[in-house]
Structures are given as C-alpha cells and as structure tokens.
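Read the structure below first, then the notes.
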Amino acid sequence: MNPQVTAEYIASQFKEMTRTTPISDISVSMICTASTINRSTFYYYFKNKDELIRWMIHHDISSRFYEASKHTWKHNVTLLLKEFYDHPSLYTEILNGPHATTLTSSLYNMTNTTNLQGMESVLQGRELDKQDRSFLSSFFAHAFTGMYTDYIRSGCTEAPEQYASRFEPVVNHGFFETVTRLSNQSE
C-alpha cells in the first residue's frame, strides 16, 4: 500500500476516535485497533501519538493550501475551514493543548507562503521592495491565523463557506489593493 495513503488512513481513524474520546484518552493501541493495523505498522509511520498529531496537523493544512495555484484563495480557505468544521472537538483540543504551537505555526507558515505566491500573481513582474513584501505577507498571515484560531475557539459553528466569504473584502481590498498600490509607488 502507498505509504502516504496508509498514514492518511491512520490519521483519519484517529480523527474519528476524537469525536467521542479526548485525545489524552486515546492510546496507540486504540488507534491500531481502530485502523486494523498492528503496532509495528503504526510505529513504521509514527514514533508515537504526538508525532501522528503533528503529522496530521501539517498534512491537513498543507494539503489544502500548498497547491494554491490550482484553486482560488477562497476555495482553499473554505477547504481548511471545512476541515475544522468537520472535526471541531479535535481542533479545539489541539488548540488548547500541547500541540497549539504546531497548529498556529503551521497555519502561519502556510498562509505566509500563500501570501507571497499571491503577491507574485498580483505584481505580474512589477517590483515591490523585499521589506514591503515580507511585512505585508507577515501582517496578513498573522491576521488570518488569528481568524482561523478564533473560528476554532468559537466551536466552528458558522458554515465554512459563509466564514470564508467574510475574508473576501479583506483579501480583495486590503491585501491585493495594498500590494498593487505599493508596487505602483515603487515604479
């Protein structure tokens, strides 16, 4: 079996378990039983449950964003919010537990990378000072990370599509227009 598929399957079984059981109460043995794998298979992919959680966080976020060029930013934001919406107790527990930094760092890094890619498409060869690029990308990455974590903390009750649509004026009139304006000033 494809190693990526197996790791995804183990993570999906773990996620399902978190619907009824707190993360701290789930053992590797329980994950193996739910995944119908033996312990050696689990340990082939992950050192322990914490590594599974870190992998899952990174995978869930990156799989929705690092192929940003294939979709619009709104589509990708909606997919990420849908992941949180589908597993609210899991992400709330992660955000309030020892893996909070992994989650927020992954969100920030993914958003910052996507922002920089988005700038390139807006600039279309025009110049923008490296410090301005870095500042704008970081500023909006922090803002979006805060909005994602607020969504999780609020219980993910709003439909992902609706919540993502709230980002639209900020992205279109804040981010894209600022990038365009600053690049025009530097010409």
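When region 13-36 is limited to residues that are assigned to a helix (DSSP H, G or I) and either β-branched (Val, Ile, Thr) or touching a Cys at 6+ places or on another chain (Cβ under 7 Å) (or both), the one that is farthest from ASP60 (Cα to Cα) turns out to be THR33. Residues of region 122-176 that are surrounded by fewer than 17 Cβ atoms within 10 Å (Cβ to Cβ), of a type in the set (Gly, Ala, Ser) and within 17 Å of MET110 (Cβ to Cβ): SER134, SER138, ALA143, GLY146.
Only a single criterion out of (1) modelled with pLDDT of 95 or more; (2) over 13 Å from the mean Cα position of the chain (by Cα); (3) surrounded by 13 or more Cβ atoms within 10 Å (Cβ to Cβ) is not satisfied by LYS47, namely (3).
Restricting THR157, THR149 to those that are in contact with a helix residue (DSSP H, G or I) (Cβ under 9 Å, 6 or more places away or on another chain), of a type in the set (Ser, Thr, Tyr) and not in a helix (DSSP H, G or I) reduces the list to THR157. Scanning region 55-68 for residues that are under 21 Å from ASN96 (Cβ atoms) and either surrounded by 17 or more Cβ atoms within 10 Å (Cβ to Cβ) or not assigned by TED's automatic domain parsing to the domain that holds LEU103 (or both) yields TRP55, MET56, ILE57, ASP60, ILE61.
Inspect region 1-12 for any residue being aromatic (Phe, Trp, Tyr), farther than 20 Å from SER105 by Cβ and not in a loop (DSSP other than H, G, I, E, B) and give the result as yes or no. Checked region 1-12: at least one residue is aromatic (Phe, Trp, Tyr), farther than 20 Å from SER105 by Cβ and not in a loop (DSSP other than H, G, I, E, B).
The values are calculated or read from the model by the stated rules, or taken from the named source; none is laboratory data. Note that this is a predicted model, so its numbers are computed, not measured. Methodologically, a virtual Cβ is constructed for each residue, glycine included, from the backbone with ideal geometry; neighbour enumeration extends over all protein chains shown.
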